[in-house]
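**Q** Please find one structure pasted underneath; my questions will follow.
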Amino acid sequence: MSSTLSMKASAQGDVVIVHLSGALDATTSPALDAAIKKLIGEGRKKIVVEMSALTFIASAGLGLLAALRKQLKTAGGDLRIAAPTAAVLDVFKLLSFDKVFSISARVEDAVAGF
């Protein structure tokens, strides 16, 4: 069984919100990596990853998000997490990634945090 990940981007001012749906794992991570690096290449430095429809996240997905956040922080921006499902939030907490990322229950709060 192969994993699928759907992505949709929208903007609120200078913040880009990337809405994820499906699973973020070793199979699907390269697509998210390419999409966010494209945004960075366009000069977008403030990115919120909205996860209300993300059903699964693997260590490969977490590692990718951490690497992208580091790249954005170096460029003067940030990557924030919004609206993770309970299961996804549990993975963040289990691996202490809740201490690495700014995680908000609502997209509006993540955007306002910039």
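**Q** For a quick check: with amide H placed at 1.01 Å from N, whose amide H comes under 5 Å from SER104's, ignoring anything fewer than 5 positions away on the same chain?
**A** Hits under the 5 Å cutoff: ILE81, ALA82, ALA83.
**Q** What list of ³J(HN,Hα) values in whole Hz, one per residue of the stretch 40-46 in order, does the Karplus curve 6.51 cos²θ - 1.76 cosθ + 1.60 (θ = phi - 60°) give from phi, with Gly and Pro shown as x?
**A** Coupling constants for the stretch 40-46: 4, x, 7, x, 7, 10, 10 Hz.
**Q** In terms of modelled amide H atoms, which long-range or inter-chain residues lie less than 5 Å from the amide H of ILE17?
**A** Those lying under 5 Å, H to H, from ILE17 are SER10, ALA11, GLN12, VAL48.
**Q** What shape does the stretch 5-112 take by its C-alpha gyration tensor, where a ≥ b ≥ c are the square roots of the eigenvalues and a/c under 1.5 counts as rounded, a/b above b/c as prolate, and the rest as oblate? Could you put the intermediate results ahead of the total?
**A** Details: a/c = 1.37, a/b = 1.25, b/c = 1.10.
Rounded.
**Q** HN-Hα J couplings of the stretch 20-33 from phi, Karplus 6.51/-1.76/1.60, θ = phi - 60°, integer Hz, Gly and Pro as x?
**A** 10, 9, x, 10, 10, 9, 4, 6, 9, 4, x, 5, 5, 4
**Q** Of VAL16, ILE40, ILE57, which is farthest towards the positive pole of the stretch 5-112's charge dipole, taken about the Cα centre with +1 and -1 on the beta-carbons of Lys, Arg and Asp, Glu respectively?
**A** ILE40
**Q** Also: Amide H neighbours of ILE57 under 5 Å, counting only residues 5+ apart in sequence or on other chains, H built in-plane at 1.01 Å?
**A** LEU24
**Q** While we're here: Report the relative contact order of the stretch 5-112, percent, no decimals, based on alpha-carbon pairs under 8 angstrom and at least 6 residues apart. Before the final figure, lay out the partial values.
**A** Numbers: 182 pairs, mean separation 27.4, N = 108.
Relative contact order comes out at 25 percent.
**Q** Further, regarding this structure: Only Lys, Arg, Asp and Glu count, each charged at its Cβ (+1, +1, -1, -1), so figure out the dipole size of the chain about its Cα centre, rounded to 20 debye. Walk me through the numbers on the way to the answer.
**A** Values: 13 positive and 10 negative charges, 62 e Å.
Around 300 debye, computed over the chain.
**Q** Report ³J(HN,Hα) in whole Hz for each residue of the stretch 85-102, in order, from the Karplus equation J = 6.51 cos²θ - 1.76 cosθ + 1.60 where θ = phi - 60°; Gly and Pro get x.
**A** After applying 6.51 cos²θ - 1.76 cosθ + 1.60, I find 5, 4, 5, 5, 4, 4, 5, 4, 5, 4, 9, 6, 6, 5, 8, 8, 9, 7 Hz.
**Q** Classify the stretch 62-114: rounded, prolate or oblate, from the alpha-carbon gyration tensor (a ≥ b ≥ c, eigenvalue square roots; a/c under 1.5 rounded; otherwise prolate if a/b is larger than b/c)? Spell out each step's value before the answer.
**A** Numbers: a/c = 2.49, a/b = 1.19, b/c = 2.09.
In terms of gyration-tensor shape, oblate.
**Q** If I model a spin label as a point 7 Å beyond the Cα along the Cα-Cβ vector, how far apart are those points for LYS99 and SER10 in nm?
**A** The answer from the label model is 3.5 nm.
FYI, it's all coordinate maths here, none of it is from the lab. The shown structure was predicted, so the numbers you read here are calculated from the model rather than taken from an experiment. Cβ: placed from backbone, ideal geometry, glycine included. Neighbour counts: every protein chain shown.
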